[in-house]
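Heads up: the structure comes next, in C-alpha cells.
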Amino acid sequence: MHGMDADPYFVGDGDLAAARELVADAGDRELFLYSGSSHLFAERGAESYVPEATAACVERVLAFLGRLPV
C-alpha cells in the first residue's frame with residue numbers, strides 16, 4: 001500500500017489506520033509512506049505531482065508485479 005504521510009484524505013479519513021492494520025499481521029504486505037500532503041501525488045501534470053515519490057511508487061509496484069506468478 002502506498003500513501004502520503006500528511007495527506008488529509010489518506011491520514012485524516014482513517015485510511016492510514018486501516019492500511020497499518022492490513023499490514024500488521026501479514027509478512028507479505030508492506031506499507032510505504034511518502035513525505036507530503038498531496039492526494040494525487042502521482043498525477044503527472046497536476047499541481048500536486050511529486051516526481052520523486054511517483055518514481056519510488058512506480059518502482060515498488062513494478063517490483064511487486066514482477067514477483068507475481070504468471
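No lab work stands behind these numbers, since they all come straight from the coordinates. Treat the numbers as computed from the prediction; the structure is a model and nothing was measured. All Cβ positions, glycine included, derive from the backbone under ideal geometry; neighbour counts span all protein chains shown.
Across the chain, Cα pairs under 8 Å and at least six residues apart give a relative contact order of 30 percent.
Calculated [222 nm] ellipticity per residue, helices only, for the chain: -12000 deg cm²/dmol; basis is -39500 (n - 2.57) per DSSP H run with n ≥ 4, divided by all residues, nearest 500. If the segment from L40 to D15 were pulled out straight at 0.36 nm per residue, it would be longer than the present Cα-Cα gap by 7.5 nm. Close amide H contacts of Y34 (hydrogens built in the peptide plane, cut-off under 5 Å, sequence separation of 5 or more or a different chain): G3, M4, D5. Report the local net charge at V23: Lys and Arg +1, Asp and Glu -1, summed over other residues whose C-beta lies under 10 Å from its C-beta. For residues surrounding V23, the net value is -2. Charge tally for G36 (other residues, Cβ to Cβ under 10 Å; Lys, Arg +1; Asp, Glu -1): -3. The order of the peptides 61-69, 17-25, 29-37 by mean Cβ neighbours within 10 Å, most packed first, is 29-37, 17-25, 61-69.
Taking Cβ atoms as reference points and 12 Å as the exclusive limit, the residues near V11 contribute a net charge of -3, counting Lys and Arg as +1 and Asp and Glu as -1.
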